[in-house]
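These notes are about the structure you will find just below.
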């Protein structure tokens, strides 16, 4: 089960439930893989609904890596994500939000 207090988000990929988490190392890898901007820019794209499918993919890869997965982005190109692109985008947004959620904002329901 995914633990939101640890920043975890679950996603079913090719029929297997995976737990994703943006650790510091995963965030560093994520930032290095961004084609433009910083993590702040990525957050702003998600807040404004202006994110790309590439943004979703790099977040999922980083989250999977933070959860212990050893694969590469290319491994996911043919993968079946339960719920399709919308579920992937929702999981990515949750992952990003949970990575930067403080205990105080979590208690307030933010």
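The values are calculated or read from the model by the stated rules, or taken from the named source; none is laboratory data. All values reported here derive from a predicted model rather than from experimental measurement. Positions of Cβ are backbone-derived with ideal geometry, glycine not excepted, and every protein chain shown enters the neighbour counts.
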Out of curiosity, is residue 49 closer than 13 Å to residue 89 by Cα and either surrounded by fewer than 16 Cβ atoms within 10 Å (Cβ to Cβ) or without any contact (Cβ under 8 Å) to a residue 12 or more places away in the chain (or both)?
yes
Restrict the check to segment 90-97 and report whether at least one residue is crowded, with 20+ Cβ neighbours inside 10 Å, within 16 Å of residue 28 (Cα to Cα) and either modelled with pLDDT under 90 or over 9 Å from the mean Cα position of the chain (by Cα) (or both).
no
Kindly establish whether residue 25 is touching a strand residue (DSSP E or B) at 6+ places or on another chain (Cβ under 6 Å), surrounded by 10 or more Cβ atoms within 10 Å (Cβ to Cβ) and part of a helix (DSSP H, G or I).
no
Within segment 57-83, how many residues turn out to be touching a helix residue (DSSP H, G or I) at 6+ places or on another chain (Cβ under 7 Å) and either at pLDDT 95 or above or buried (at least 20 other Cβ atoms within 10 Å of the Cβ) (or both)?
9
Can you tell me which condition residue 18 does not meet? The list is (1) in a helix (DSSP H, G or I); (2) touching a strand residue (DSSP E or B) at 6+ places or on another chain (Cβ under 6 Å), and all the others hold.
(1)
Of the residues in segment 33-82, those that are in a helix (DSSP H, G or I) and farther than 20 Å from residue 100 by Cα come to 53, 54, 73, 74, 75, 76
